[in-house]
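The values are calculated or read from the model by the stated rules, or taken from the named source; none is laboratory data. Computed from a predicted structure; not experimentally measured. Note that we place each Cβ from the backbone using ideal geometry, even for glycine, and neighbour counts take in every protein chain shown. The accessibility values were calculated without ligands, DNA or RNA, using every heavy atom of the protein model including side chains. Shrake-Rupley method; radii C 1.70, N 1.55, O 1.52, S 1.80 Å.
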Amino acid sequence: MCSAVKKCGTYGTEVLERDDGGCYSQGGKKGGSSFRGNFGKRNLHHEHGGYELPRSHHQQDDGNVEMRDVHEDPPVRHTPYTIRRNRRRVKWHSEDQIHITVWRDRKPPERAVGENTRDRTMGSWFKVTIPYGRTYDKTWLMNSIQSHCSVPFTPVDFHYVKNRARFFVQDASTASALKDVSYNICDEENRKISIFVSPSAAPYSVQNKLKPEQMQQLKLTMNKRYDVSQQALDLQKLRFDPDLVGCDMDIILNRRNCMAATLQIIERNFPELLSLNLCNNKLYRLDGLSDIIEKAPKVKILNLSRNELKSAWELGKVKGLKLEELWLEGNPLCSTFPDQSAYVSAIRDCFPELLRLDGQDIPPPIITDIDVPQLIKPCQESHNGFEILKSLVLQFLQQYYLIFDYGDRQGLLDAYHEEACFSLTIPFNPEDPASSSLREYFKESRNMKILKDPHVRRQLLKHTKRDIVDSLSVLPKTQHDLSSFLVDMWFQTERMLCFSVNGVFKEVEGKCQGSVLAFTRTFIATPGSNSSLCIVNDELFVRDTSSKETQSTFSIPMSTPCSSSVPALSQEQQEMVQAFSSQSGMKLEWSQKCLQDNEWNYTRAGQIFTLLQAEGKIPEEAFQQTP
């Protein structure tokens, strides 16, 4: 690796410049590097007598140090270990394992011939690095930094290096303002975002900027490739365009200077561009193309086929585009997915409005009514907000299992989204006699460790609400013990709520009547009508219970359908059951069930009964027969 040692007068530091435009800083200040670790904490660097400990593999940055003062030379810092005359400083940089020894004398070394003497001027370049920046949306990240920065700036060469986001700015005042932004921005999980600023050589796209005559020739070439009627620009195999080759121009779109020039021409000359074809350009990364979000925001069709993109993560760099059609065939990333549905799902994560992929229509995305109530934002969750969500989830579960256990399960259609998914899994070994109680569920089980046939796997994944409810309807009749339920809400956004429920149930008919089983059910839901929830994903896991679970369940005996008496309850509870039965018209056992499900809260049980009756969700057999 070619490198040169350069003296930066503004900082009084030695800088090892790298081919990629980065640099390693020496001297100046100790312990100036810090960034967020896995838990959002700042790590400390320790130095002993001028020796800096090597970084761990979690800290393998690129030698950047946080810029403490971008205007003046740092004051002399006295330490008890200072040697008066010749002082040696030794540093290790673990990323490239470079060992640097610098001898300093009282007399500063002479400047190298041709060195830039404008380090103290406004023409200096600075590299800005955001650790873990790849985890954030580029548009959100840059807008957040711009809004917090006291000086307007134009980022140059925004790109990613491993987990870091990086760009360059010009002039010291901008660099100082950006340094002040560090730890003043919080992400959605309330973690502070750190920003490191360090002096740098000019970025690659600036050092290798196309000359005016080259820009003019590239513009003429692109004009020939533009279809005005379709507002489409065809740049496939651009490097081999005869006009460019004839002018001895090597336009390689993987290079940031070439992509930057191309996007600049698009912005200035084709502002209404709708379709862009970048097929066959050997693109293996999309850092340079990320600026298209600002330069050509109206693009709806993007052709990236027959390039060298290896990961769908690259597409995240342009996910700000509202694409309706995308071509990716012929890229290595296409073979990284187990099946077509996984491929479509991953691409749609980046482009939710996508309608066509590789020339094929894809199913429309699940979009909920924008007018339905929104769930509470995680960052706004308060005690009151939690109680609202808790009440919503518990009410939903009560209604769901009342129909599941005692009604016609076709009544669950309204609980599911039109394009919802459902799967059932059991840990069943056909040769194990102890698992005989799970035999009824075996034919519907979708254990991917056992199932090798992709057709069977797809068949067992129920898709659309009618398939789901039909599948639920053939499962054995059950009675769930709501008192055994453990409920957890583990993820929520404005538009989605994820929660799981664990509990036990017993089968009330069939070969295994009376057997008690345990279950775990995971729901992903969106806001539905009538302030309820709409299930978009439902996963059910059924297993045998332990002896302890079996003994502790159904501790309050339930009446059988043929019984007209009330089980042994307290005097107050018996009176409540009698009163509820009289007012609702339901049989005693159904009245007791409703009260138990609502923890003997008479008012709430009445509200639930009224709501379910109005929706026609209480079966006829629950009511007393009039003579």
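In region 447-465, which residues are open to solvent by 60 Å² or more (accessible area, probe 1.4 Å) and part of a strand (DSSP E or B)?
Correct list: H463 only.
State which residue is least open to solvent (accessible area, probe 1.4 Å) when the search covers only region 161-210 and only residues that are part of a loop (DSSP other than H, G, I, E, B) and over 21 Å from S147 (Cα atoms). Walk me through it before giving the result.
Taking region 161-210 first, the residues part of a loop (DSSP other than H, G, I, E, B) are 162-163, 171, 182-184, 187-191, 194-195, 201-203, 208-210.
In the following step, the residues that additionally are over 21 Å from S147 (Cα atoms) were identified as 162-163, 201-203, 208-210.
Details: K162: 119, N163: 76, A201: 19, A202: 25, P203: 1, N208: 64, K209: 146, L210: 22 Å².
Here the answer is P203.
Restricting the first residue to region 263-280 and requiring it to be over 17 Å from K224 (Cβ atoms), which pairs with a second residue that is aliphatic (A, V, I, L, M) and open to solvent by 10 Å² or more (accessible area, probe 1.4 Å) meet a Cβ separation below 7 Å and a spacing of at least six or different chains?
L274/A232; L274/I301
What is the number of the single condition among (1) free of Cβ contacts under 8 Å to residues at least 12 places away in the same chain; (2) not in a helix (DSSP H, G or I) that E213 does not meet?
(2)
Filter region 263-306 down to the residues that are open to solvent by less than 40 Å² (accessible area, probe 1.4 Å), over 20 Å from K138 (Cα atoms) and assigned to a helix (DSSP H, G or I) and list them by number.
Answer for region 263-306, where residues must be open to solvent by less than 40 Å² (accessible area, probe 1.4 Å), over 20 Å from K138 (Cα atoms) and assigned to a helix (DSSP H, G or I): I265, I266.
Give region 508-538 a look and list any residue that's under 28 Å from E440 (Cβ atoms), touching a Cys at 6+ places or on another chain (Cβ under 9 Å) and of a type in the set (S, T, N, Q), or say none.
T522, N537
If you go through region 216-238 one residue at a time, how many are in contact with a strand residue (DSSP E or B) (Cβ under 7 Å, 6 or more places away or on another chain) and not in a strand (DSSP E or B)?
So the answer is 6.
Going residue by residue through region 561-572, is there one that turns out to be open to solvent by less than 10 Å² (accessible area, probe 1.4 Å) and either at positive phi or at pLDDT 80 or above (or both)? Write out each step before concluding.
Step one: filter region 561-572 for residues open to solvent by less than 10 Å² (accessible area, probe 1.4 Å), giving none.
No: region 561-572 contains no residue that is open to solvent by less than 10 Å² (accessible area, probe 1.4 Å) and either at positive phi or at pLDDT 80 or above (or both).
Can you tell me which residue is most open to solvent (accessible area, probe 1.4 Å) among those in region 599-618 that are at pLDDT below 80 and not in a helix (DSSP H, G or I)?
Checking each candidate, the answer is E599.
Among (1) charged (D, E, K, R); (2) in contact with a Pro (Cβ under 7 Å, 6 or more places away or on another chain); (3) modelled with pLDDT of 90 or more, where does R306 come up short?
For R306, the failing item is (2).
Could you tell me which numbered condition L323 fails, if it satisfies all but one of (1) over 22 Å from the mean Cα position of the chain (by Cα); (2) surrounded by 18 or more Cβ atoms within 10 Å (Cβ to Cβ); (3) of a type in the set (A, V, I, L, M, F, W, C)?
For L323, the failing item is (1).
Taking the criterion of being open to solvent by 30 Å² or more (accessible area, probe 1.4 Å), modelled with pLDDT under 75 and out of contact with any Ser or Thr (no Cβ under 9 Å at 6 or more places or on another chain), would at least one residue in region 511-526 satisfy it?
No: region 511-526 contains no residue that is open to solvent by 30 Å² or more (accessible area, probe 1.4 Å), modelled with pLDDT under 75 and out of contact with any Ser or Thr (no Cβ under 9 Å at 6 or more places or on another chain).
All but one of (1) at pLDDT 90 or above; (2) surrounded by fewer than 18 Cβ atoms within 10 Å (Cβ to Cβ); (3) assigned to a loop (DSSP other than H, G, I, E, B) hold for C334, so report the exception by its number.
Against the list (1) at pLDDT 90 or above; (2) surrounded by fewer than 18 Cβ atoms within 10 Å (Cβ to Cβ); (3) assigned to a loop (DSSP other than H, G, I, E, B), C334 comes up short only on (3).
Can you work out which of the residues in region 400-439 that are at pLDDT below 85 and aromatic (F, W, Y) is most open to solvent (accessible area, probe 1.4 Å)?
Y406
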